[in-house]
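The values are calculated or read from the model by the stated rules, or taken from the named source; none is laboratory data. Remember, it's a predicted structure, so these values are computed and weren't measured experimentally. Glycine also receives a Cβ, built like all others from the backbone with ideal geometry; neighbour counts cover every protein chain displayed. Accessible surface is based on the protein model in full, side chains and every heavy atom, while ligands, DNA and RNA are left aside. Shrake-Rupley method; radii C 1.70, N 1.55, O 1.52, S 1.80 Å.
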Amino acid sequence: MFGIPCRASLPSGDQTLQSKEEKLEPIMQMDNQITPKKVRSFCSFRYGLSLLLHLCNVALMAQNMCLNLTMVIMVNSTGPHSLPNTSTEEHLENIKNPVYNWSPKIQGIIFSSIFYGVLITQIPVGYLSEKYSIKKMIGFSLFLSSLLSLLMPMAAEGGAAFLLACRVAQGVAQGSALISQHMIWVKWAPPLERGRLTTLSLSGNLLGSFIVLLVTGFICQSLGWPMVFYIFGACGCALSLLWFVLFYDDPKDHPCISISEKEYILSCLNQQVSSSTQSLPIKAMIKSLPFWAIAFGSFAFHWTNTIMVLYTPTFIKAKLHVNIKENGLLSALPYLFAWSFGILVGHLTDFFLSRNILRLITIQKLFNTLGLLLPAFFSLCLLYLSSSIYSMTIFLILASSTGSFCMGGVLINGLDIAPSFYGFLKGVTAIIGMIGRLISSTLCGVILNQYKTEH
C-alpha cells in the first residue's frame, strides 16, 4: 500500500532532490548512516513532551465529545420544554439540567457542526505550521477551545443556532491544535522513536474519549450537564498555560533539556532539511500513489470512527435502555482498550523496525489492514446480537479499539514519506478524512430521523 522502505528524512544542502516529485519519496538508506549514541528514553524530555501533548489532546477530545453524551439528557423527546403541572422537584431538575426540543436531524447537524470548523483549518494550518511557531499555534488554539467550552451552556440556552456557531468556532480552534501538533515530531522525534512518540501523544484523543464518557454521566446526575462543559473548559485553560511554559519549538532552544539528549535528537535529524526554503511539490503529491493511499485510508478510518464516537451513547440507550450513568460507563469502556492498543501499536512499530523484524512497508500494511477492516466487521456484528449487555459490550470494545491499529499506518505515515512537508501533507489528507466524518455523522442523523418518523 505504501512504498516506504524505512523511516527516513529528506536530504539537505547540495543534495536537495532535483525534481519535486522526488521530494515525496524516501531516499535515505539508514544502513549507511552512523547511528548516534542513544540516550535513555525513560524520563527523557522528549517523552515528557509527548506526555504533555497527550494531556492536551485529552482536554481537546473531552471538549469535543462531551456534547455527544450530554445530548442524551439535554434533549426531551416526549414533550415541550416545560409542562404546566410539573412538581417543584421536576422544576429544580430542569434548572440543573435544561431540556431542549431538538429532533434527531437537528442533533445530527449539531454533532457534525464542529467538524465544519475543523475542516476549514486543515490545509491552511498544515501549511502555516511549517512556517510559524507551533508553541503559539497549539497554545492559543487550546485556550480558545477551552474558553468556548465554558460558553457552551449559554449558547445552548440561546438556541440551536447559537450552539451551532459556538461549535463551529470550537472546531476551528481544535482543528488548528490537532493538525499543527504533528509538526512537533519533525524536530523532536528521532526516526526510530517516531512510532512511540506520535502514538503516545495521539492516544490522548482516546483517553479523552474514555474520561468524558466515564465521568459525564456522574456529573450530569449530580451537578447538571452544564458543569461538564465548565470542568473540561477549565482544565483546558490550565493546560494551555502549562504548554506555554514548558514547550519550545526546537530542542536546541530549550533550557531544560539535557545536553546529551539534545545532541542525540539533533544528530538523528541532521540530514533533515527545512521546508521553509522549498516550494510545495503540489504536482508530485497529486501523482503520488502513497499520498492517495494515505488520503483514502484516512477517509475510511474517520468514516467508521466517527460513527462509533458520536452514536455509541445513543445506540446503547436504544438497545439496552440504561440510565445516563450506566450509558457513560458502557460507552467509555471501549476507549480504554483503544487507548491501550494505540500505545502498544507505537511500541510494536518501532520494535519491529529497530530489530529489522519487518520492513516498514510491511508493518504499515499490516496495521492499516487490521485498523480498517476489523472495526467495520465488528460493527456489522452488532446488528445481529441480542440485547445482552455482555455481548454488546464485548463487540463495542472490539469495534472501537481495533481502529487504533491505524496509528501504525495512515495516521502518521506522512511523517515517513515527506517530513519537510509533513504539515501540509497532513492537512490535505486530514481534510479528506474530515469529509468522511461530515458525511457519516450527518447521514446518521438523517437516517435516524427517518427511522423515528416511520416508527
Exercise for review: Identify the single condition in (1) part of a helix (DSSP H, G or I); (2) open to solvent by less than 40 Å² (accessible area, probe 1.4 Å); (3) at pLDDT 80 or above that F377 does not satisfy, given that it satisfies every other one.
Suggested key: (2)
Review point. Taking the stated definitions as given, is V410 under 15 Å from P290 (Cα atoms) and open to solvent by 10 Å² or more (accessible area, probe 1.4 Å)?
Key: no
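Looking only at the stretch 171-186, decide whether some residue is in a helix (DSSP H, G or I), among the β-branched types (V, I, T) and surrounded by 24 or more Cβ atoms within 10 Å (Cβ to Cβ).
Looking for residues that are in a helix (DSSP H, G or I), among the β-branched types (V, I, T) and surrounded by 24 or more Cβ atoms within 10 Å (Cβ to Cβ), one finds at least one in the stretch 171-186, hence yes.
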Study note, to complete from the structure: Of the residues in the stretch 296-348 that are among the aromatic types (F, W, Y) and more than 14 Å from the chain's Cα centre (by Cα), the one that is least open to solvent (accessible area, probe 1.4 Å) is Y311
Point to revise | Residue ID - farthest from F45 (Cα to Cα), chosen from residues in the stretch 149-174 that are in contact (Cβ under 8 Å) with a residue 60 or more places away in the chain and under 20 Å from the mean Cα position of the chain (by Cα) | key: R167
Check your understanding: Does the stretch 241-262 contain at least one residue that is open to solvent by 10 Å² or more (accessible area, probe 1.4 Å) and under 24 Å from T314 (Cβ atoms)?
Key -> no
Exercise for review: Hey, could you check the stretch 265-279 for residues that are farther than 30 Å from L60 by Cα, open to solvent by less than 50 Å² (accessible area, probe 1.4 Å) and in contact with a helix residue (DSSP H, G or I) (Cβ under 9 Å, 6 or more places away or on another chain) and say which is modelled with the lowest pLDDT?
Suggested key: V273
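Does S133 satisfy the condition of being buried (at least 19 other Cβ atoms within 10 Å of the Cβ) and among the polar types (S, T, N, Q)? Spell out how you get there, then give the answer.
Values: buried (at least 19 other Cβ atoms within 10 Å of the Cβ): no; among the polar types (S, T, N, Q): yes.
For S133, the condition - buried (at least 19 other Cβ atoms within 10 Å of the Cβ) and among the polar types (S, T, N, Q) - is not met.
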Exercise for review: Filter the stretch 413-443 down to residues that are closer than 14 Å to F296 by Cα and touching a Lys or Arg at 6+ places or on another chain (Cβ under 9 Å), then give me how many there are.
Suggested key: 1
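Before we move on, is I361 in a loop (DSSP other than H, G, I, E, B) and under 26 Å from S201 (Cβ atoms)? Steps first, answer last, please.
Numbers: in a loop (DSSP other than H, G, I, E, B): no; under 26 Å from S201 (Cβ atoms): yes.
So I361 does not fit the description; no.
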Practice item. For the stretch 405-423, state whether one or more residues are more than 24 Å from V125 (Cα to Cα), at pLDDT below 85, more than 19 Å from the chain's Cα centre (by Cα) and small (G, A, S). Key: no
